Amino acid sequence: MDNSSLIKSPISEELEDFKKLFESTLSSSNLLLNSVIAHIRQKNGKMMRPILVLLAAKLFGKVCPATLHAAVALELLHNASLVHDDVVDESTERRGQLSVNAIFNNKVAVLAGDYLLATALVQVGMTRNHDIIDIVSCLGQDLADGELLQLSNVSNLHFSEEVYFDVIRKKTAVLFAACTKAGALSVGAGDEKAESA
């Protein structure tokens, strides 16, 4: 058994439930949007964020609908940020395939990213948990702030270590922290336990 399978083994059933909810959340009658989503889903990545949500939830209790909605919201927010980042960075490739903006155009990419973001907000609202809603809202701010901080320092020849760590904290570390905390909170773990997840 490889490391990935070993990590997923305690949540294999819950991960299937996540995949079903994620897929149903992204169904639309809009043909252009469906084309964009189909393209994004060709390379789903390792699903690290939902795995972290589910593992943290299972550590403190039983995975429930709020857990699954939180996992979907966080994965959608992450995907929205990637679509938008590719437009901002003028990237033509993502995960070894053409980016959304390279295949469609910047307008479609921005609007598709907006749709993913709005859908993330709907999903986090379905947790009915204000603490999880706060986590996802603050995460959205941090991701955008991190990207802006990176952009404002692109041509800075004196890019300090402090700024570098601030960028990676806001673009990566806060995302993983949000996943574990949201997972723990979704099953009723107290704030102190959720913070340590």
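The numbers here are math on the coordinates, done by the rules we state, and not lab data. Remember, it's a predicted structure, so these values are computed and weren't measured experimentally. When we count neighbours, we look across all protein chains shown, and the Cβ atoms used for this are built from the backbone with ideal geometry, even at glycine.
What the phi angles of region 189-196 give under the Karplus curve with 6.51, -1.76 and 1.60, with θ = phi - 60°, is a coupling list of 5, x, 4, 5, 5, 5, 5, 8 Hz, glycine and proline written as x. Just how many pairs of Lys in the chain have C-alpha atoms closer than 21 Å, counting pairs that are eight or more places apart or on different chains? Lysine pairs satisfying the spacing and distance rule in the chain number 28.
Taking the Cα centre of region 23-135 as origin and assigning +1 to Lys and Arg Cβ atoms and -1 to Asp and Glu Cβ atoms, the resulting dipole is close to 460 debye. Coupling constants for region 144-158 follow from the phi torsions by the Karplus curve (6.51 cos²θ - 1.76 cosθ + 1.60, θ = phi - 60°), and in residue order they are 5, 4, x, 5, 5, 4, 5, 4, 6, 10, 4, 9, 7, 6, 10 Hz; glycine and proline get x. The residue list Leu31, Val72, Leu21 was ranked by how far each Cα lies along the charge dipole of region 1-137 toward its positive end, using unit charges on Cβ atoms, and Leu21 comes out on top. For the chain, modelled as a GNM whose springs connect Cα atoms under 10 angstrom apart, the maximal fluctuation among Gly96, Gly61, Gly113 occurs at Gly96. Under a model in which nothing but the beta-carbon of Lys, Arg (+1) and Asp, Glu (-1) is charged, the chain shows a dipole of about 600 debye around its Cα centre. Remark: spin-label model distance Phe165-Arg41 equals 4.1 nm, labels positioned 7 Å along the Cα→Cβ axis.
Comparing Ala112, Ala38, Ala70 in a Gaussian network model of the chain, where Cα atoms under 10 Å apart are tied by springs, the biggest mean-square fluctuation is seen for Ala38. Residue-wise HN-Hα couplings along region 3-16, as the Karplus relation 6.51 cos²θ - 1.76 cosθ + 1.60 with θ = phi - 60° gives them from phi, are 4, 4, 5, 4, 5, 7, 4, x, 10, 4, 5, 5, 5, 5 Hz; Gly and Pro carry x. Multiplying the residue separation of Ser24 and Asn156 by 0.36 nm and removing their Cα-Cα distance gives an extension gain of 43.1 nm.
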